[in-house]
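**Student:** This structure is in structure tokens; I'll ask about it shortly.
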Amino acid sequence: MTLYGKERLSDYMQQVADRARYFIGYPIATDFDYSDLYPLLQYPLNNVGDPQIESSYDLNSRSIEREVVAFFAELFRAPKDNHWGYVTNGGSEGNLYGLYVARELYPNAMVYYSEATHYSVQKNIHLLNMPGIVIRSQQGGEMDYDDLKAAIQLHRYRPAIILANIGTTMTEAKDNVPYIREVLRQCAIKSHYIHCDAALAGIYLSLLEKDPSFDFKGGADSIAISGHKFIGSPIPCGVVLVKKNYKERIGRSVPYIGTLDTTITGSRNGHSPVFLWYAIKKLGREGLLSRAVESLNLAQYLVEKFHEIGIHAFRNQNAITVVFPQPASSVCQKWQIASEGGYSHIICMPGITKDKIDAFIIDLLKQIEAQTIHSN
């Protein structure tokens, strides 16, 4: 490598280290350690095709991927002999896959999703050329079920595909899947499909709640989660789970790779399943639950710190996202705070500490004091 290349790389790595110190506004866990897996980076692991079927491309992590899928199938109470899934590039791909399966089941369906839904959903609907209706959200971000019912009644002649949020982007609101099913029953919609976007909250809600209402037992037909959020990964990743009999409508044999093509992408990253498998085996359900409790406690601590300095902040039930009025741009930029509609949020992911929260509050107080002096 040239001298310039070495200097450029050194500067970039220092920049990354510096910015990682002030990273509290996005849902990414930062406390992971995958150093045991570094030797795998010298191999081109590729999980092309269906994870359940071996391929002529034998440099893969399919067996590991199947264990990861099995863990989440059990966590989300998927039908024992009727589930299928794979490790994706993230929650957006998982949403695309759920909608893709739903479209193949019901080509004439209408998609219903709330205005608080992740931006990937509208893009995915466009890519799949599906009609969709945006449903109003309640104040905390949860879907407005009266508006959903009114919209469905206008299109009762169509099957319904519902995109339920299990942790919205800004407020971490959760849509009520059993109530959505009741709305479908009241509207006499027999042909329907419910996909749950559980990218952020799905994992820890399934551990915290005795009877999660959003999983397969609660009425979901497919679920998408992110792996790099609550669990943590150096590479964005996720998992999508669907009912197996639905998936079988879309697979096709590809002689070149010696397996079935049943996923969104062709080549799939073979390292991410190993990262997720390693974290699951290292932490176990109890370790993951402990992470969830710590994050919830930290979120409550942050709410109390805001209230101590006279700033209104709130979080939804069992949420690790704290919402508050948008501060000055200098504070948002330094701490990488996401904002929308005059509000910002901090997501108390594993890796964020009380020390970081306290340092943020100090910066916020300095900004408020500076604004007060300037206005006077």
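Just so it is clear, none of the values below were taken in a lab; they were calculated from the coordinates. As the structure is a computational prediction, the values presented were derived from the model and not from experiment. Here Cβ is always computed from backbone atoms with ideal geometry, including for glycine, and neighbour counts include all displayed protein chains.
**Student:** Report the label-to-label distance for E74 and E209 in nanometres (one decimal), using points 7 Å from each Cα along the Cα→Cβ vector.
**Tutor:** Distance between the two pseudo-spin positions: 2.2 nm.
**Student:** Okay, moving on. Looking at the chain as a GNM with Cα springs under 10 Å, which of L289, L37, L99 has the largest mean-square fluctuation?
**Tutor:** Of L289, L37, L99, the Gaussian network model singles out L37 as fluctuating most.
**Student:** Only counting other Cβ atoms within 10 Å, I'd like I250, I223, I194 sorted with the fewest neighbours first.
**Tutor:** The order, fewest Cβ neighbours first, is I250, I194, I223.
**Student:** Hey, what number do you get for the chain at 222 nm if only DSSP H runs of n ≥ 4 count, each worth -39500 (n - 2.57), divided across all residues, to the nearest 500?
**Tutor:** Here the helix-only value at 222 nm equals -13000 deg cm²/dmol.
**Student:** Given a Förster distance of 51 Å, report the FRET efficiency between L59 and T372 from their Cβ-Cβ distance, rounded to the nearest 0.05.
**Tutor:** Taking R0 as 51 Å, the efficiency between L59 and T372 is 0.25.
**Student:** Let's test the formula: R0 of 25 Å, r as the Cβ-Cβ distance of N318 and K281. What FRET efficiency results, to the nearest 0.05?
**Tutor:** Calculated value: 0.45.
**Student:** Something else now. So what's the stretch 118-241 giving for Cα Rg divided by 2.2 N^0.38 Å, two decimals?
**Tutor:** Dividing the Cα radius of gyration by 2.2 N^0.38 Å gives 1.06.
**Student:** Turning to a different aspect of this structure: In whole angstrom, how far apart do the alpha carbon centroids of the stretch 55-83 and the stretch 289-325 sit?
**Tutor:** One Cα centre to the other: 34 Å.
**Student:** What net charge is computed for the residues neighbouring F324, neighbours being all others with C-beta under 15 Å from the C-beta of F324, Lys and Arg scored +1, Asp and Glu -1?
**Tutor:** -3
**Student:** Taking neighbour counts of Cβ atoms within 10 Å as a proxy for exposure, in what order, fewest first, do M170, M1, M110, M143 appear?
**Tutor:** M1, M170, M110, M143
**Student:** Give the long-range amide H neighbours of I162: residues separated by 5 or more places, or on another chain, with amide H under 5 Å away, using H modelled in the peptide plane at 1.01 Å from N.
**Tutor:** Y112, Y193, I194, H195
**Student:** Can you pull the one-decimal nm distance between simple spin-label points at A20 and V293, each 7 Å off the Cα toward Cβ?
**Tutor:** Output for this residue pair reads 2.8 nm.
**Student:** Another one. If we count every other residue with Cβ under 10 angstrom of N176's Cβ, Lys/Arg +1 and Asp/Glu -1, where does the sum land?
**Tutor:** -1
**Student:** Another question, if that's okay. Considering Cα pairs under 8 angstrom that are at least six residues apart, work out the relative contact order of the chain and quote it in whole percent.
**Tutor:** The value is 24 percent.
**Student:** Another question, if that's okay. Could you give the nm distance between label points at L365 and Y157, where each point is 7 Å from its Cα heading toward the beta carbon?
**Tutor:** With each label point 7 Å from Cα toward Cβ, the separation is 6.4 nm.
**Student:** Sorted from fewest to most neighbouring beta carbons within 10 Å, what does the list C196, C332, C187 look like?
**Tutor:** C332, C187, C196
**Student:** For D31 and Q336, calculate 0.36 nm times their separation in residues minus their Cα-Cα distance, and state this gained length in nm to one decimal.
**Tutor:** Gain on stretching D31 to Q336: 108.0 nm.
**Student:** Next up: Which shape class, rounded, prolate or oblate, goes with the chain when its Cα gyration tensor gives a ≥ b ≥ c as root eigenvalues, a/c under 1.5 marks rounded, and past that a/b bigger than b/c marks prolate?
**Tutor:** oblate
**Student:** How much length is gained on full extension from S267 to Y179, taking 0.36 nm per residue of separation minus their Cα-Cα distance?
**Tutor:** 27.8 nm
**Student:** For F360, what charge total do you get from the other residues with a beta carbon under 13 Å from its beta carbon, if Lys and Arg give +1 and Asp and Glu give -1?
**Tutor:** It works out to a net charge of +3.
**Student:** If you take the beta carbon distance between M13 and Y43 as r and set R0 to 30 Å, what does 1/(1 + (r/R0)^6) give as a FRET efficiency, to the nearest 0.05?
**Tutor:** It comes to 0.80.
**Student:** With springs only between Cα atoms under 10 Å apart, run a GNM on the chain and tell me which of Y157, Y12, Y97 wobbles the most.
**Tutor:** Y12
**Student:** Still on this structure, I have one more. Taking only Cα atoms and a 10 Å spring cutoff, compute GNM fluctuations for the chain and point out the largest among L208, L41, L96.
**Tutor:** Highest fluctuation of the listed residues: L41.
**Student:** For K354 and M1, compute 0.36 nm times the residue count separating them, minus their Cα-Cα distance, and round to one decimal in nm.
**Tutor:** Between K354 and M1, full extension yields 123.0 nm more.
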